[in-house]
Every structure is written in C-alpha cells, then in structure tokens.
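The values are calculated or read from the model by the stated rules, or taken from the named source; none is laboratory data. Given the structure is predicted, the values throughout are model-derived calculations rather than measurements. When we count neighbours, we look across all protein chains shown, and the Cβ atoms used for this are built from the backbone with ideal geometry, even at glycine. Heads up: the accessible areas ignore ligands, DNA and RNA and are worked out on the full protein's heavy atoms, side chains in. Shrake-Rupley method; radii C 1.70, N 1.55, O 1.52, S 1.80 Å.
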Amino acid sequence: MYNYGFTILVFVENPPSTKELRYKMKSNSVGFDINPPNTFSYGANPLKKMGEEIWEEIQKSNLSISSIRSLIVNPSTSKHIISAVFKTLTQYLQQEQEQTLENQNQNHYLKLLCDIATHHRDFTSIVFDTVRSFAFGSSVNSQFKVESLSVLLTIAEHDENLVYAITEFDENVIIELCFDSSVSVRYWIFKNLFRFRIRDEILLRVLLGFVNDPYPYVRRISLDGLVRLSKSVVEFKNGGLIAQGYDGAVDLFVDRNDCVRAAAIGVVCEWGQMLPDSGMEVGEQDWSDSVFVQLCSMVRDMSMEVRNEAFVSLGKMKMVSEDILLQTLSKKVLGNLKERKFPGKRNAKNLDLPASNAADAFIHGLEDEFYEVRKSACYSLGMLIAFSVRFAIDALDLLMDMLNDHSTVVRLQTLETMYRVVTCDRLKVQEAHMHMFLGTLVDASNLIRHAARKVLSLLELPFMKIFKSSINGLLTNLTTYPEDEADIFSVLFYMGRNHGSFAVSFVTEVSQEIEPSCEEELRFDNPRVAAILVLAIHERLACSIPTKVFSYAIPFLGRIVISLKDCATQDALLAYLYKFSKITHVPASVEDDLFHVAGGKLPLHNIDEIFNQVLPLQQICGGASEDQFQNDMRDLRQTTFPLSHQWKVIFTDEEAEKNVNLILRTVAATWQLIKSGFTDEVQKTSRSCSKELATVAVNSNRSTGLLAFASQYVQVVQHIAEIWIHFLPLSKFHYLKTGMLDHLLEKLDYNLRKLRYEFSGLSKKEELHILELVLLACVVRLSEMEICCNVNTLKRVQSTISVIELLCEDLHIQLSEFAGELRKSLSERGYIDDGALSQQFSFKRLLDLFSLKEMVFDGMLKHIKAELGVPGNNSENPLSFVSGLPAGVTFQITLFNISDKDRLCLKMSVQEAGLFQYVFLDMNQIGGYNEINKVTLSVPFYNTPRTASFVLRACVMKECPSEDVGQRARGSGGPKWERIIISNITKIYLVAAKCTT
C-alpha cells in the first residue's frame, strides 16, 4: 500500500467514566478538537468548569493518578488544562495542611506537581515557590516536609537557575528534621544532607552525634557522611573531634549489622590518617601502622561486604612500614613483631592492638571464596608495592598464582596490578614466572590478552631464553587470535626497541621463515612473517639485521602502520624501510627531515631513489609485466607522498582518494587470475584490499562515500571471480552449476544495483565502467540456457548499450570491443523471439572479449544511506499490541545525502508469517532535502498476526528507477521498481497485550 508521510497513534488507558469528559480529555491530549454527539456546553467559563470536573473525578477516584500524569506529560496538552490541574492540586494540598490531615495520596499529588514543573517550563517557578511554602510551613508535618524537599531537589535538577535557591534554604529547618522521631525522615535527610548549604562545623557535630543512632541504616549513612566530610575536617585542625570520630568508628567494628561495620572501616581509614596532622603525640609512622593493623583485623570478618571494604581501605594507606607489610604475606608472626603492640584508640590508653592482627592478611584475601574480595586484595597489593622492594618480590609469587583464578575479573585485576608493579620498577622477572604469565596470552578473554601484552611491552627480560619464549608466546597469540594482530605488532616493536641484541639474534635465527618461496613469492597472508619483520623495525638494530628483511617488510606496510600509528606516519615508515634496503646514498636534505620515533629517527622523503627498490611489490599486482609495474610505481610516487606532509596518521581527502585508487588498481590487476581460474588467489587479494580499505576508513574523516563505494566494488569483483569459474572447461563445480550460478548472479545484480543507485556524484567515466559490468552480468545470464534466457534480459542489454553509447559520445571515446561486438550481434540477428537468439549466436564467445579495466576516481562521492532504530525496544522490553489491530512503532531515522530524485520507503515484515508492508517517506513532510536529516516517525503496522509475540523487521529502502522492463519489481504491492536496502535491518519485538475485564 502507498502511504505518504507518517501516522501518529495515540493509546489512552483507563479513561474516566464521564462520557463528555473522556472526549474532552482525549481531544486536548492530542491537540485535536473532537466534538462527540450530544455533548453539553460548559457555560461561560468552560476551563474553570473542566477543572472542577477533573477535581470531582479525582475525589471520586474515577480518574486515576496515572491518567492525570498522562495528561501532564503529554506535550500537546494545552496550558489552560495544565493550569487547571495545577490550581486544583494546590488547593487540595493547602486544605489538607490547614486541616492537619494526613492523606496517603499527598505524596502522589506532590509528584504530579513535580511533573508539571519538569515538563512545562512556564510553570517551573510557580510550582517551585508553591512547594517551598509547603516545605517550610509551620503547621506542616515532618513527613510532608521531606516529600516537599524531595520534589524541590528534583525540580532544581531540571532547572539550573533554581540550584542557588536550594542553597538559600534555612539550615535550622534541615537540622531540625535530623532529630525527627521518624526513621524514614532521618534517613532521607542524612542521605541528602550535602545537597543543602549547611556549615561544616555544624554538619560535623550532627554526623558524629548520629553514628550511634538506634537504626542501622541511619548509622551507616552518618558514617558515609563523615567519610565525605573528611577533607573539610582537616581544615578545622580539631584533634578532639577527629579522635572522637575515629574512636566511635572503631567501636562500631563490632556492630551487629554488616553495612555499619563496612562504613566504619571507611571512617577509620580516612580519619585515622588525619590524626597525625591534628597535633597527636604518637609518631606519624607508628600511628599509620596502628591504623593499618586495625584495618587488617577486619579482613577475616564473616561478611563479604566488610572484608571487601577492608581490603579497599588497605590500598588507600599512604604510609606503612616494611615489617608490617611483610607480615601480611606470612602466616607466621615475624620475630621483631611478636611483642609489638599499637594503640587501638586515640583516647583509650589501655587498649593495645597486637601486630599479629596483620598476619597473612593478603593471603587470606587472595584465597577468599568471593571474587570481589580477591579482586580488592589484588588491587591493594599493587597500591602498597611502592613502599617496599622486598614486599614487591614476595608479592609477585602470589600474583602469579592469581593468574590461574577462575574469575576473569580477578585475572584482569592481577594483570593491572602487575602493570603497576612494572611502572614502579619493582618487578624482577624470573624464569619460573614466565610460563604461567605467558599462558595469559592465549586466554579466551580479549581483555586479559590485551592486559598481558601491555605488561609484556614494558618488561625488561634478563635472558635470551626468556625473551625467545616471550616472542613465541606472542606468535602463538597471533596464530590463535588473528584479530589481535595490531596490538601484538605494537608490543613486538617495543620489545625490539628494549632488547636490541636479543631481537637481532632472534630475527637472524628465524630469517629463513621470511624468505620468499621457491616461486619467488613472499607469503603476504602469513601473520608470523609480518610479526617477525615488525620486531626488526628499529634504527638501532638496522646495522645488525640483513637489509633484505627491510625489503620484505615493505609489502606489509599497510598492516604494520596501523600498529605503529602512535609512533610514525605511513610515509615516514616507508621511507625508513627504504633507507635500510641497500640504498647507497641518502641526500643531506633527507637527513634534515628526520624525526624521532620510538627512540630512533625516520626520514620523510627521498622518493626518487627509494622507488627503484620496490620490485618485491610486483607480486601484489597479480602478475603484471615489469614495464607496467614500473609505470604503476611512478604513479605511486605521486600518490604515497603528499607535497605538504601532515604530521598525523589521519589521511586527508586527497590522500584517501589516492590510496583508494591504488587499491583498486590492485583489484583490476587480478583479471588475468580470474580468467585463469585462480579464484583462491583472487579471494586472498580481495580480502587484503578490503583490509586496506578499512585502514583508510579508520584514518579518513570525510571520504566515507568513496570508501563505501570502493568496498562495494571489491565485492562485485569477488562475485565475478566466483561466477567465472563456472564457465571454465572441466570445472569441478559443473554438477552444481545451475543452482549456485543463479544465486551468484542474483548477488552480482544486487551489488551492481547498489553501485549505481546508492551513491551520488559519479562521473560519466565511473558510470560507464559500472554499466559495462551490468552488461557483463546480462551476457553471463544469456550464455546459459538453464538460466532465464528471455526477452527481459535482452531488453536490459539493449537499454544498457543505448546508455553506454550516449556516454561514449559525451566522452568522445569509442565503445569497448566487448560492448561493440555485442551491439553488432544484436543488430544483425534481432532479439524478438524468446530464446531464438541464443540458438543462433553463442554469448560465451563474447565473454572472452571482456576485460576488467582499472576503476579511477577523480572526485568525491556521497553515500546515500540511512540509520534506523527503535529507542528502548529489545527482547526484554517489547512493545505491546492487540492481535488484528494496528501496532504503532516509533522509529528514529537519520537520512544522509538524500536528494529530491530519491524515492524512499520503509519496509516492515514478519518473515515467519509472510507479512509485509511498505510506507513511503515524503521528504517534504519529513524536513526537506538536507545533507543529514533526523526524524522521528510513528508508523502503524496493520498486519499484526494472531500470535502471542512476533519479531517485526524494518529497513529503509530506495527505489532504483530504470527504463529496463526487467528491473521492475516482481509481485504486487509496494514499489514498482527494484529496490536496495540503504539502512541497517532493525528488529522490533512485540508481545500481545493481556486482556482485562
């Protein structure tokens, strides 16, 4: 069906019982004027009358709170209706307070006022002032005051102009609520205490007074407030208050509630470290040890939450003696600590704390049954390692054992701790550790592998044996997880820089692996070869490594430059490789252009000499002649090095265009391989080209259209290679030819259609190139009797040739041999009778005349595409529908580069039930023809199936108008031309609504 523009569906739940009011509310909620039959007049002041009726419905409970809220949050509701609702709610609340009545719906009515303020900005100030009068009224009960304050804070969050008004609230009213008899009131006030402006000295005394509140959650929130206030406490320099807070928190270590003990640990940690600054007589080192031992006494608590908080707090200590740290790693009490005791409290001289409380604290934490505790123990271990070298050495053994933990979170935290140890220069590598550590390089988790490589890149390996095992571990990682290639190459580069002599020995030892094969072909698809070459890329190693290694690295430049993008640009790296590839002379001007990269220097230019050394690249061009290759290299001289060097890895638009043309030249060079049946080699080259295009895409800002077109073009060439093998003699696919070939031709037709209609800005040369490929696809169809040799295909051939002739006339060029011979054959033999032409003429002979030319771009393309989404919908949050009735779906659509010639439609389908629907998009209603259009559409899907749930698939499609009869869409309904999908395919989940009586 055709449906221009879009439709908005409005669902109203639980309408009021009064018939006239129901119509009036529905009409005002959506902005229409609906007059039902037999409606009565409201008199001279209908708005006042409407407010009174709404009030009556509220009192009768015929109009639910949710219905009123739906009316408020609807942006189409008129201001008069909102004003009536506001006055009604305000009057009711005022009456209730004057009569000192407590109504359970008061809180709901306050929330409705909050909704008015947040959804209707014109009412924000007046609602704020009204609710503030409730909050600070003398006759208002404390519960209602708290609810009013909560509404005020919510309104202030949505209006920055009211934040200052919150700070002007009377602090006496807030403090008075802290002493209220209601637990819920006290808890809310302490939870939000810092959102009001209260003097720190008053806040401190109030919080200290309530750490012994009868209710545990109030005690906990008070302790959390003391931790938050710790920075301000230092400014008081009041040692008595700090000691009082510390001692009170220590007393709560034996509280019956887990949350209170956990909060008390935080206070002991923060306030305990502030006591030496407050004029305490005990030395700073001794008192820090006392606080540390006090925290260690809680690591064996029965509660996981308490143990976890204890280890987190241990990591926050800023000073601990070495003896105490070593004790935490030993179950046996050390000799010098057996008799040592520390003060347990500041004001209790007789309470001694034995140092043995710290024994095996970290061992206990690392062996805990809960991964959260083990993770915190690992974290704290890393934070304390900086205090002692001996502690770091002993802790390393425990950390290595934690690499086998069954929890990914713990293993990741262990590696992050090891990274901190390395950066603190505390990690001493031992051969016994490496086997366990290198095992993480093949971990199933990508995060674990990345963290392990991060540590390995900074390690200083003492022996060649350890270095070799580390490199082999990285190569195993590369073989097992090829997607880690860029990160692995980066680590290898830094390891080569940090271990120069080891790297030279290793590369020399395995140099045989990177030699070309007996056919003089370098193995471009071998990641191990590329990894070994990366290891050798450093100027300090250049004199010791065979020069041929640098020559072999040149074909891998695109893969290598991604991993070294933080160190060098592409042209700088290429020039560096040529510098050490037996170049006999480097001009002095080049030496002036050297820049530092990872400890060495790389030249930027010297192009004329280095391109004489590029012969190993000949293999990329798929067997092209040496003369042709030299011509390509002269062009490459101009494309690879811009005149004005950009000190960035990001390509400019001109550089992106040149790189794309170079890649497409490689694609065109595969034609001889396609004709010879070397499909596997063509596929490898195509995959490499796709990866290179991805590299350009990452480093390009505005060339998305060009890059998308090139990627699509590479897929077309891949399809041609797969199709061509079916026409070779003695093809091993002969017995599958009909079905498989038909499928491949459909894919080729679709991708060619996307090339023609998904991009704007194609030049006449580029359009001519695509039409020749369309002509090739038609000839392939006509060359097989089993595959629809019919009038439609012949008519498409004729219309395509006509367009090609017009383009050739405009470009003042001749038809290609392939197109010319085809036109001649059609004109001589005719094409009227279905199938008659194929009996008189062999189309297979024409295939030998076709030659894939190089695709060259001379301008930027615009990619016609769309992004489609349904906010908030997924399998866990489905939309509701009633079977047999339309289901409204709200789409968010972003359209790119749409012109007035483009015809777009939204396709919605239920594949399992064979249901589909098209909705045409009227661009004039959506917002015009801009480069980027964003629109939200509510579209009904009419063909809802009779099922409990279903998945609706939606996408944006573009019609492909053509004069070819064969390009008309098959079937009835929807667009009449063939279509292409220009957006992602979005799944919408719907579940049948439950019926209620």
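Output the residue which, of all residues in region 890-907 that are open to solvent by 40 Å² or more (accessible area, probe 1.4 Å) and over 29 Å from the mean Cα position of the chain (by Cα), is farthest from Glu931 (Cα to Cα).
Arg903
Report the residue count in region 67-87 for those that are farther than 13 Å from Asp115 by Cβ and surrounded by fewer than 20 Cβ atoms within 10 Å (Cβ to Cβ).
6
Mind listing whichever residues of region 923-958 are open to solvent by 40 Å² or more (accessible area, probe 1.4 Å) and more than 20 Å from Ala887 (Cβ to Cβ)?
Asn924, Gln925, Gly927, Tyr929, Asn930, Glu931, Ile932, Lys934
Condition test on Phe467, is it open to solvent by less than 30 Å² (accessible area, probe 1.4 Å) and either hydroxyl-bearing (Ser, Thr, Tyr) or closer than 19 Å to Asp405 by Cβ (or both)?
Against the criterion (open to solvent by less than 30 Å² (accessible area, probe 1.4 Å) and either hydroxyl-bearing (Ser, Thr, Tyr) or closer than 19 Å to Asp405 by Cβ (or both)), Phe467 does not qualify.
When the residues of region 857-867 are filtered to those that are assigned to a loop (DSSP other than H, G, I, E, B) and open to solvent by 50 Å² or more (accessible area, probe 1.4 Å), which remaining residue is farthest from Arg946 (Cα to Cα)?
This residue is Asp858.
Out of all the residues in region 488-503, which are surrounded by fewer than 20 Cβ atoms within 10 Å (Cβ to Cβ) and farther than 13 Å from Leu459 by Cα?
Within region 488-503, Gly500, Ser501 qualify.
Which numbered condition trips up Ser376, out of (1) among the hydroxyl-bearing types (Ser, Thr, Tyr); (2) touching a residue at least 60 places away in the same chain (Cβ under 8 Å); (3) not in a helix (DSSP H, G or I)?
(3)
Can you tell me which residue is nearest to Leu149 (Cα to Cα) among those in region 184-203 that are charged (D, E, K, R) and surrounded by fewer than 18 Cβ atoms within 10 Å (Cβ to Cβ)?
Arg195
Has region 269-279 got any residue that is at pLDDT below 90 and surrounded by fewer than 17 Cβ atoms within 10 Å (Cβ to Cβ)?
The answer is yes, given that some residue of region 269-279 is at pLDDT below 90 and surrounded by fewer than 17 Cβ atoms within 10 Å (Cβ to Cβ).
From the list Ser313, Ser288, exactly one residue is over 21 Å from Gly335 (Cβ atoms) and at pLDDT below 90. Which is it?
Ser288
Which fully enclosed helices (runs of 4 or more DSSP H) of region 784-841 have 2 or more residues being modelled with pLDDT of 80 or more?
By residue number, 791-811, 817-829.
I'm trying to understand the selection: among the residues of region 868-889, which are buried (at least 16 other Cβ atoms within 10 Å of the Cβ), of a type outside the set (Gly, Ala, Ser) and assigned to a strand (DSSP E or B)?
Of everything in region 868-889, those that are buried (at least 16 other Cβ atoms within 10 Å of the Cβ), of a type outside the set (Gly, Ala, Ser) and assigned to a strand (DSSP E or B) turn out to be Leu868, Leu879, Phe881, Val889.
Being more than 17 Å from Lys375 (Cβ to Cβ) and surrounded by fewer than 23 Cβ atoms within 10 Å (Cβ to Cβ) is the filter here, so list the residues in region 302-329 that pass it.
Selection gives Met302, Met317, Lys318, Met319, Val320, Ser321, Glu322, Asp323, Leu326, Leu329.
Tell me which residues, restricted to region 376-396, are within 32 Å of the chain's Cα centre (by Cα), aliphatic (A, V, I, L, M) and surrounded by 19 or more Cβ atoms within 10 Å (Cβ to Cβ).
Result: Ala377, Leu381.
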